[in-house]
1. Label points 7 Å out from Cα along the Cβ direction at Asp51 and Arg237: separation in nm?
2. Under the classification rounded if a/c is under 1.5, otherwise prolate if a/b is larger than b/c and oblate if not, where does the range 15-104 fall, given a ≥ b ≥ c as square roots of the Cα gyration tensor eigenvalues?
3. What FRET efficiency do you get for Ile261 and Asp141 if R0 is 41 Å and r is their Cβ-Cβ distance, rounded to the nearest 0.05?
4. Which entries in Lys132/Lys227; Lys132/Lys153; Lys227/Lys253 show an alpha-carbon gap greater than 30 Å?
5. Hey, can you grab everything whose amide H is under 5 Å from the amide H of Val103? Only 5+ residues off in sequence or another chain; H modelled, so Pro and N-termini drop out.
6. Take the Cβ-Cβ distance between Met150 and Glu129 as r, set R0 to 25 Å, and report the resulting FRET efficiency rounded to the nearest 0.05.
7. Give me a comma-separated list of calculated 3J(HN,Hα) values for the range 83-95, in order, Karplus coefficients 6.51, -1.76, 1.60 applied at θ = phi - 60°, integers in Hz, x for any Gly or Pro.
8. So for the pair Asp189, Ser225, with labels modelled 7 Å out along Cα→Cβ, what separation do we get in nm?
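No value in this document is a laboratory result; all are computed from the given coordinates. In this text, all values refer to a predicted model and were calculated from it rather than measured experimentally. A quick note on method: Cβ atoms are made from the backbone with ideal geometry, for glycine too, and the neighbour counts reach across all protein chains shown.
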Amino acid sequence: MSLAYDAGPDNGSPVVFLHGLGARRQDWMAILPAFAVGHHVFAPDLRGHGDSGRVPGGYRFSQYADDIVPFLRDVVAEPAALVGHSLGGVIATVIAADHPELVSTVVAVDPPLFTGRRAPTGNSTRYRERFKRAQELAASDMTEIGLFTMLQKRSPDRPVYITRALARNLVKLDPDVFTLALEGGKQLDFDVEDLVSRLTRPMLLMLADQTKGAATTEEDAAWASEKNSLISQLLVRDAAHEIHHSHRAEFIKAVTDFIAIDDED
């Protein structure tokens, strides 16, 4: 498996940013400069995404994690803070539980980590519909320009730079990354209670607003915090799933403060 990644200058302790399902490493570009001032930042493309390799049929959570482990060991080369959005948050949690020697802290941004322990919600249906549309577009023979034009007509009020990024994401995406998610969450190949109980590194669960399509509920976060005292939570009110976009300043401050606690130790 080949992983494409970007890295900043070595200005301090490492922070690795893991993007969500259907995105690319460029999803973090607007916030990386704020962290690069005092940290060594890394942002890889996950398998099947962006410029990394594709593995049809190989998109379970543990398989994504299996790629990042040698990346942390061989490229980052010291314990790192892992900041993961959505899918990336699940991957970060899996790695922290299985390979704590590679991790200093974890920030999981609205991860679909707890879907296996509760009944599907209205938000779950919304995500399935979103994934299905994205899979169909990624599988089409449309060019990036064609996708951009279509997406812009469909959502004319959306900022142009976001639409352009969505079109580029789809062109560089293996449509199969959505298959297991659409088949009843079959990418969940772990027991969440076991996973949470085995965490030995501080973890911050950053929650989006449930009315805005959050993947993690306040009940989920409370349950996790009760199971493991190393897990804390932060609800970002009025934030959509992409907290790092909709509430950028609040996101940067929360993550910076959380990482700093470990740096001081």
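1. 4.2
2. Values: a/c = 1.78, a/b = 1.17, b/c = 1.52.
It is oblate, given that a/c is not under 1.5 and a/b is not larger than b/c.
3. On the way: r = 49 Å, r/R0 = 1.20.
E between Ile261 and Asp141, to the nearest 0.05, is 0.25.
4. On the way: Lys132/Lys227 34 Å; Lys132/Lys153 19 Å; Lys227/Lys253 26 Å.
Beyond 30 Å: Lys132/Lys227.
5. Long-range HN contacts for Val103: Ala80.
6. On the way: r = 17 Å, r/R0 = 0.69.
Computed FRET efficiency for Met150 and Glu129: 0.90.
7. After applying 6.51 cos²θ - 1.76 cosθ + 1.60, I find 10, x, 9, 6, 3, x, x, 5, 4, 4, 5, 4, 5 Hz.
8. The answer from the label model is 3.3 nm.
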